[in-house]
Amino acid sequence: MLPGVLRRYAPSAVLFAVVLVAWQLAGPVFQLREYLLPGPVAVVRAALNFSIPWHEHIWITTLEILGGFAVAGVAGVLLGVAIAWSPTLARALVPFLVFVNTLPKVAVAPLFLLWLGYGIVPNMLIAALIGFFPVVINTAVGLTQVDDELLDLGRVFGAPTWKVFLKIRLPNALPYVLSALKITATAAVVGAIVGEFVASQAGLGTVIVNAQTNLNTPVAFAALVWISVIGLLLYGAVGLVARWWAPWADTT
Amino acid sequence: MIVLDGVGMTYEAASGPVEAVRDVAFEVGDGEFVALVGPSGCGKSTLLRIVAGLRPATSGRVSVEGRAVTRPIPNVGMVFQAPVLLKWRAILDNVLLPAELSGLKAEHYRSRAEDLLRLVGLGDFAAKFPRELSGGMQQRASLCRALLLDPPLLLMDEPFGALDAMTRDEMNLELLRVWGEAGTGAGRKTVVFVTHSIPEAVFLADRVVVMTPRPGRIARVVPVGLPRPRTVATRATAEFGQLSLEIYEALTAAA
């Protein structure tokens, strides 16, 4: 057991440790000032310095990410179902969705703020906008990539369309949807931070912007650490749900 | 009783119309086991789907039990080359699928499904998932699924084509046993069995329909008089070899 675990995780752990040590030594060796490259010790100290209200920022950003993730997931699945259900809807929706997806979200963010004002909601929507497209596509693909023979069985037994949809197409699409949601999880993190960069009064993205103006680089790095912790937790959670809910599929 | 009369089928492909089947006429009696043999692409699978009402014939007439086939016919068991089990369902729930699709109460068929699984040696695998079973076992489960609603007609499209030779021979015996070969003939299902294996066709069938390459027509119909129940030893008889040769010659003459 233990040797197996070691063999699996040792290479990445060693690399991680080497990078951290090199990073810590880089400052003194190359005489870099802390505002240019703070070492990992300084970053961890900043991340655990609770005179900065980290929990508030983490809470706000997490809400934006989870909200954006949820909106992207629900809207993505609904749009995917609509596309798979009706060829007419597919012809109407797909070009429009592709157009929306090609819009640079960073450029759209200011418009959202203009329309919706400051706050959590516009950042949530930006997160959703970045993350919804893979869900649409994968849902539609999963619903339509069904063995012809299974559909033949549906016809032989006179099953109505909705029943074939419920018993065959929908479960068939589940692993596709779940693997799209992994992409959405990381995309939602990007979206929330983009929104906060453009304009926001709280959240980890705001912390980075403010730290940058004050040349307080350790705090900016610390915010980055917190963001990646949130992102990794969400990604891991989606992965766990996928393995538990669709154990027949190899979603990696 | 299945009657095909002057059945033809032409479909539109990207490169133009393709004539898959031309002027096919034969009958399958109740309780009869008929094998369709032919080179790949000769339209034998298409013919099976036409009988099931899954694809329309473009000419001629098809009737099952005296009724013209114009749409999917009810209560037919289908087995395909791939087991096509639902990956997310346990084996027992896969076998129960036809009941659910037909709008029947699945729990009424539970004990029958369990009996069928025991019959094919899968009694201990009811709660397993398809990925935990070998290809041969999956195909056995798919046979149980086809038999769940006790259909009088079984349509099988190269069901053992993807299995290794040993498993395939085993499955042949199993199918004949399930079909009720040992009995007097009463209660046997009507079977149309598509294959490209000559020995398989001879071993299983009462009659072998030999088809030509595309467009598929009937080259010959060979009656198989081998006594039933057939056993492993049947394959070693001179008669078996003679019939196989006859079909082989009919196939090569048609090509």
Discussion item. So residue B:213 ticks every box in (1) surrounded by fewer than 17 Cβ atoms within 10 Å (Cβ to Cβ); (2) farther than 25 Å from residue B:254 by Cα but one. Which box is left unticked?
Written reply: (2)
Worksheet item: Looking at (1) polar (S, T, N, Q); (2) out of contact with any strand residue (DSSP E or B) (no Cβ under 6 Å at 6 or more places or on another chain); (3) within 24 Å of residue B:51 (Cβ to Cβ), which is the one condition that is false for residue B:167?
Response: (3)
Worksheet item: Of A:42, A:82, A:10, A:70, which residue is of a type in the set (A, V, I, L, M) and out of contact with any helix residue (DSSP H, G or I) (no Cβ under 9 Å at 6 or more places or on another chain)?
Response: A:10
Worksheet item: Looking at segment A:130-145, which of the residues that are crowded, with 19+ Cβ neighbours inside 10 Å and among the aliphatic types (A, V, I, L, M) is farthest from the other protein chains (Cβ to nearest Cβ)?
Response: A:130
Practice prompt. Check B:55, B:61 and return the single one that is assigned to a loop (DSSP other than H, G, I, E, B), of a type outside the set (Ser, Thr, Tyr), modelled with pLDDT under 95 and more than 21 Å from residue B:205 (Cα to Cα).
Written response: B:55
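This table checks each residue for (1) over 24 Å from residue B:18 (Cβ atoms); (2) out of contact with any Asp or Glu (no Cβ under 6 Å at 6 or more places or on another chain); (3) outside any loop (DSSP other than H, G, I, E, B); (4) in contact (Cβ under 8 Å) with a residue 24 or more places away in the chain.
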position: B:213; (1), (2), (3), (4): no, yes, no, yes
position: B:221; (1), (2), (3), (4): yes, yes, yes, yes
position: B:225; (1), (2), (3), (4): yes, yes, no, no
position: B:228; (1), (2), (3), (4): yes, no, no, yes
position: B:233; (1), (2), (3), (4): yes, yes, yes, no
position: B:240; (1), (2), (3), (4): yes, yes, yes, yes
position: B:245; (1), (2), (3), (4): yes, yes, yes, no
position: B:249; (1), (2), (3), (4): yes, yes, yes, no
position: B:252; (1), (2), (3), (4): no, yes, yes, no
Item to complete: Could you list all residues from segment B:182-191 that are assigned to a loop (DSSP other than H, G, I, E, B) and either in contact with a helix residue (DSSP H, G or I) (Cβ under 9 Å, 6 or more places away or on another chain) or closer than 16 Å to residue B:118 by Cβ (or both)?
Response: B:182, B:188, B:189
Worksheet entry | In segment A:206-252, residue surrounded by the fewest Cβ atoms within 10 Å (Cβ to Cβ) [restricted to those that are of a type in the set (Ser, Thr, Tyr) and in a helix (DSSP H, G or I)] | A:213
Fill in: Residue match in segment A:20-37 (condition: under 25 Å from residue A:199 (Cα atoms), assigned to a helix (DSSP H, G or I) and without any contact (Cβ under 8 Å) to a residue 12 or more places away in the chain)
no
Practice prompt. Being among the aliphatic types (A, V, I, L, M) and touching a Gly at 6+ places or on another chain (Cβ under 9 Å) is the filter; apply it to segment A:156-177 and report the residue that is farthest from the other protein chains (Cβ to nearest Cβ).
Written response: A:177
Worksheet item: When residues of segment B:114-151 are filtered for being within 20 Å of the chain's Cα centre (by Cα) and closer than 11 Å to residue B:94 by Cβ, how many remain?
Response: 7
Item to complete: Working carefully through the options A:192, A:199, find the one that is crowded, with 23+ Cβ neighbours inside 10 Å and either within 30 Å of residue A:233 (Cα to Cα) or more than 13 Å from every other protein chain (Cβ to nearest Cβ) (or both).
Response: A:192
Practice prompt. Please go through segment B:41-68 and pick out each residue that is closer than 17 Å to residue B:20 by Cβ and within 14 Å of chain A (Cβ to nearest Cβ).
Written response: B:45, B:46, B:48, B:49, B:50, B:51, B:52, B:53, B:54, B:55, B:56
Worksheet entry | Top-ranked residue in segment B:1-50 [being of a type in the set (S, T, N, Q) and under 25 Å from residue B:65 (Cβ atoms); ranked as nearest to the chain's Cα centre (by Cα)] | B:45
Practice prompt. Give, as residue ranges, the helices (runs of 4 or more DSSP H) completely inside segment B:74-128 that count at least 2 residues that are over 20 Å from residue B:177 (Cα atoms) and either within 8 Å of another protein chain (Cβ to nearest Cβ) or in contact (Cβ under 8 Å) with a residue 40 or more places away in the chain (or both).
Written response: B:91-95, B:97-101
Item to complete: Evaluate segment B:22-33: report whether one residue or more is surrounded by 18 or more Cβ atoms within 10 Å (Cβ to Cβ) and farther than 19 Å from residue B:224 by Cβ.
Response: yes
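The values are calculated or read from the model by the stated rules, or taken from the named source; none is laboratory data. On a predicted model such as this, the values are computed, not experimentally measured, just so you know. Note: ideal-geometry Cβ built from the backbone for every residue, glycine included; neighbour counts use all protein chains shown.
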